[in-house]
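S.K.: Once you've had a glance at the structure underneath, I'll fire off some questions.
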Amino acid sequence: MTMRNGIELLVRRVSAIPQHSISSSSHFLPQFCTSSSASPSSKLFIGGLSCSVDEQSLKDAFSSFGEVAEVRIAYDKGSGRSRGFGFVDFAEEGDALSAKDAMDGKGLLGRPLRISFALERVRGGPVVVPRLGKSKRDRERVFK
């Protein structure tokens, strides 16, 4: 099972939990458990980048769709080489949607791009994962 499939399975299970059984402190859970392609934003995740792609060539490839506010490519700290993905942030959400639709699956320097809407990075926030099934206390009652 790939990580993406595992995450999608978790989202389906969490979505199936009746709202009254989830504590009120986890009301934000659906916001962070949505698929990245379902929530349009102005920032795109660009995967499948060749190691020869730099920020300027990535900006040039996407600037025909609208004003590009920021371009970032992830680099390995040890080797300094590209990790094969980056982000393109557009000034307008509609431009990002146009770029995603037009460029997803298209080649850039010989490699097909995988494009989706970027999820907001949450640092230091609580992670709430509701448990499915019976609690430990309920399981102990069955075996006694």
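The values are calculated or read from the model by the stated rules, or taken from the named source; none is laboratory data. Owing to the predicted nature of the structure, the values given are computational and were not obtained by experimental measurement. Neighbour counts run over all protein chains shown; Cβ positions are idealised from the backbone, glycine included. Areas reflect the complete protein model, heavy atoms only, side chains present, ligands, DNA and RNA absent. Shrake-Rupley method; radii C 1.70, N 1.55, O 1.52, S 1.80 Å.
S.K.: Of the conditions (1) open to solvent by 20 Å² or more (accessible area, probe 1.4 Å); (2) assigned to a loop (DSSP other than H, G, I, E, B), Ser63 clears all except one; give me its number.
M.R.: Exception for Ser63: condition (2).
S.K.: (1) part of a loop (DSSP other than H, G, I, E, B); (2) modelled with pLDDT of 90 or more: which one isn't true of Gly124, the others all being true?
M.R.: (2)
S.K.: Tell me which residues, restricted to segment 48-77, are in contact with a strand residue (DSSP E or B) (Cβ under 6 Å, 6 or more places away or on another chain) and among the small types (Gly, Ala, Ser).
M.R.: Gly48, Ser50, Ala61, Gly66, Ala69, Ala74
S.K.: Also, I was wondering about something else. Can you tell me which residues in segment 102-114 are closer than 16 Å to Gln56 by Cα and in a loop (DSSP other than H, G, I, E, B)? Give the derivation first.
M.R.: Keep residues of segment 102-114 that are closer than 16 Å to Gln56 by Cα, which gives 108-109.
Correct list: Leu109 only.
S.K.: Pairs needed: first member in segment 80-101, assigned to a loop (DSSP other than H, G, I, E, B); second member anywhere, open to solvent by 50 Å² or more (accessible area, probe 1.4 Å); C-beta distance under 8 Å; at least 6 residues apart or different chains.
M.R.: As it stands, the answer is Arg81/Cys51; Arg81/Tyr75; Ala91/Glu67; Ala91/Ala69; Glu92/Glu67, since those pairs meet every condition given.
S.K.: Considering Ala102, Ala96, which residue is under 17 Å from the mean Cα position of the chain (by Cα) and either surrounded by 14 or more Cβ atoms within 10 Å (Cβ to Cβ) or among the aliphatic types (A, V, I, L, M) (or both)? Don't jump to the end; show me each part of the working.
M.R.: Numbers: Ala102 fails: under 17 Å from the mean Cα position of the chain (by Cα).
Checking each option against the conditions leaves just Ala96.
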